[in-house]
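Take a look at the structure below.
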Amino acid sequence: MNKLLIITFLGFIVLFPSCRNSERDNDVSTGSSESYWVAANQINSIIREIHNVSVGDSILNGINPANSLPLEACVDSISLYPKNGPFPINLTITYDTSKICAFDRVRSGQITANFDGKYGDLGTKIIVSTLNYKVNDYVISADISMEVVYSVIDTLTFDVIVKNATITDSKATGNKINLQESHIQFSQNRGRKTVSTGDDQFIITGSGDGIAQNGVVYSFQTEFENVLTYDCGYETFGSVRLKAANQLDRILNFGEGGSCDKVMLVSIPPANGDQVVEIK
């Protein structure tokens, strides 16, 4: 685990002593499972925001300007510096809080990304950060590095390293902080043959560590690849195994609602049963 994550966790032990004897000692708790999904889903959403802006941009992706895509209504503006290149180019996405984004999410603040090459070119590296970025009740900051490691006509794969991801639940009582770091593969496996983002699908695999809001320190590993479709803000298929000291493993299964929803099934084998969990 990253040293910063460890230091931050030790700070939580001092600031939030109630965490030590709360849900981490209850072996039917789903608190860490919910914190994992909130963090992972918000990180996946940031990467998809970068995708949605970049894939249809004539400068960032080198497409014909006539085929450039309009911005989502909730995006107040995008800026490129230098405006017409050459690379490296800095992208800044600024959100308009008066307009609701896709999947009923209200975004504010900025996502910034530095591109050292075209979005879809093999070897391109993108360094992503956030500034005063908020989604609904969550304040989110993260340092994300992405590198194109596979690029063919129907598939685009990024190797992604996430550091210092901090998700703060502004509406929570008690501890509001949820931390996560990860190393994932983020792949577009559908829709690459069209400029439109309206047919895109992504699959995500990988592993990492986190500290849940209830104080549980956990690690995670994808078991079945997670699927994120163009028409849903939540993962609709796949599973993840969560491990924590002195607890049984949690198996998180997405898509339990049968359609686009924020419901997962948390299984705690061998005998602690299944619990349906809905995230905010």
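The local environment of I93, defined by Cβ-Cβ distances under 10 Å, has a net charge of -2 under the rule Lys, Arg +1 and Asp, Glu -1.
Compute the Cα gyration tensor for the range 147-200, then decide on rounded, prolate or oblate, letting a ≥ b ≥ c be the square roots of its eigenvalues: rounded whenever a/c is under 1.5, prolate when a/b is larger than b/c in the other cases, and oblate in all that remain.
Working: a/c = 5.59, a/b = 2.13, b/c = 2.62.
Because a/c hits 1.5 or more and a/b fails to exceed b/c, the range 147-200 counts as oblate.
Based on the alpha-carbon gyration tensor of the chain, what equivalent-ellipsoid semi-axes (square roots of 5 times the eigenvalues) come out, in whole Å, largest first?
Details: eigenvalues 217, 80, 59 Å².
For the chain, the ellipsoid semi-axes come out as 33, 20, 17 Å.
Rounded to the nearest whole Hz, the Karplus-based 3J(HN,Hα) values (6.51 cos²θ - 1.76 cosθ + 1.60, θ = phi - 60°) of the range 149-162 follow the sequence 10, 7, 8, 10, 4, 10, 9, 10, 10, 10, 8, 10, 10, 10, with x at glycine and proline. Maximal additional length on extending the C260-V195 stretch stands at 21.0 nm, based on 0.36 nm per residue less the C-alpha distance.
With the biggest extent put first, the Cα atoms of the range 187-246 measure 48, 20, 15 Å across the principal axes. Taking θ as phi - 60° and the Karplus parameters 6.51, -1.76 and 1.60, the scalar couplings of the range 92-106 work out to 10, 9, 10, 9, 9, 6, 7, 10, 7, 7, 4, 6, 6, 10, 9 Hz in sequence order, x denoting glycine and proline. So if R0 is 30 Å, what FRET efficiency would Q221 and I100 give, r being the distance between their Cβ atoms, rounded to the nearest 0.05? The calculated FRET efficiency here is 0.30. Other residues lying with their Cβ under 10 Å from the Cβ of T155 contribute a combined charge of +1, Lys and Arg counting +1, Asp and Glu -1. Using the alpha-carbon positions of the range 134-227, Rg (one decimal) and Dmax (whole number) come out as 15.7, 49 Å.
Leaving out ligands, DNA and RNA, and with a 1.4 Å probe, what % of the accessible surface on the chain is carbon or sulfur?
On the way: 6670 of 12650 Å².
Carbon-and-sulfur percentage of accessible area, whole number: 53.
How charged is the neighbourhood of D57? Take every other residue with its Cβ under 14 Å from the Cβ of D57, and add Lys/Arg as +1 and Asp/Glu as -1. Surrounding charge for D57 is -1.
Selection among M146, F220, F237 by position relative to the dipole of the range 136-280 gives F220 as farthest towards the positive end (Cβ unit charges, Cα centre). Here the 3J(HN,Hα) profile of the range 233-245, calculated from phi with Karplus coefficients 6.51, -1.76 and 1.60 at θ = phi - 60°, is x, 10, 5, 10, 7, x, 8, 9, 9, 10, 10, 8, 4 Hz, Gly and Pro shown as x. Helix 3-15 and the long axis of the chain differ in direction by around 50°, with both axes built from C-alpha atoms. Rolling a 1.4 angstrom probe over the protein heavy atoms with all chains in place gives the range 81-213 an accessible area of 44 Å² per residue. Here the dipole of the chain is about 560 debye; that uses its Cα centre as origin and unit charges on the Cβ of Lys and Arg (positive) and Asp and Glu (negative).
The values are calculated or read from the model by the stated rules, or taken from the named source; none is laboratory data. The structure displayed is predicted, hence computed values, not measured ones. Cβ: placed from backbone, ideal geometry, glycine included. Neighbour counts: every protein chain shown. Please note that ligands, DNA and RNA were not included when accessible areas were found on the heavy atoms of the full protein model with its side chains. Shrake-Rupley method; radii C 1.70, N 1.55, O 1.52, S 1.80 Å.
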